[in-house]
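Please treat every number below as a calculation from the coordinates, not as lab data. Since the model is a prediction, treat every value here as computed from it, not as a measurement. Here the Cβ is made from the backbone with ideal geometry for all residues, glycine too, and neighbour counts use every protein chain on show.
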Amino acid sequence: MDDPSIELVPPDEPKELRAETRALVEGSPEEGNRLVKDGRFLADTLWEEWGTELEDAGMGYERFLGITRGYEAEVRLWVMGERPWDHCVAGLRGRLLRRLPRRCREQEPALAEVRG
């Protein structure tokens with residue numbers, strides 16, 4: 001369930017970024033794949049949109065970047081035109097919301113009771 005205090009409104013598709021990244025993957029697969037795997041090309045764009053809200057919720061850029069990197073397969077599918085932007089960004093948004101630090105702290109007592 002999403003945290004109602006966090007919106008993370010999906011931005012418009014960064015079509016130029018996608019086109020440039022796809023051209024790199026196709027023209028220089030090793031370099032393009034390294035760029036996609038690194039994740040910063042998309043994370044930096046999304047951080048501009050979501051960074052303030054995520055920081056307010058306790059998630060810093062490095063954690064955000066790590067989560068974005070973990071979503072590499074879906075990002076690659078978007079870059080290559082096999083997934084629509086809405087699908088890609090909604091999936092990443094959900095992943096971020098589920099991993100907010102505050103949510104983890106709220107769940108710890110429940111986990112302790114189950115284990116105990």
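List of remarks:
- R0 of 25 Å, Cβ-Cβ distance Glu30-Asp56: FRET efficiency to nearest 0.05: 0.05
- Listed values for the range 16-33 are Karplus-derived 3J(HN,Hα) couplings in whole Hz (6.51 cos²θ - 1.76 cosθ + 1.60, θ = phi - 60°), namely 5, 4, 4, 4, 5, 5, 4, 4, 5, 4, 6, x, 9, x, 5, 5, x, 5, and x replaces Gly and Pro.
- Distribution of pairwise C-alpha distances over the range 15-115, 5 Å bins, in %: 2, 12, 22, 21, 15, 11, 7, 5, 3, 2, 0
- Backbone HN-Hα couplings from phi across the range 34-49 [Karplus 6.51/-1.76/1.60, Hz, Gly and Pro as x]: 5, 5, 5, 4, 5, x, 4, 4, 8, 4, 4, 5, 6, 4, 4, 7
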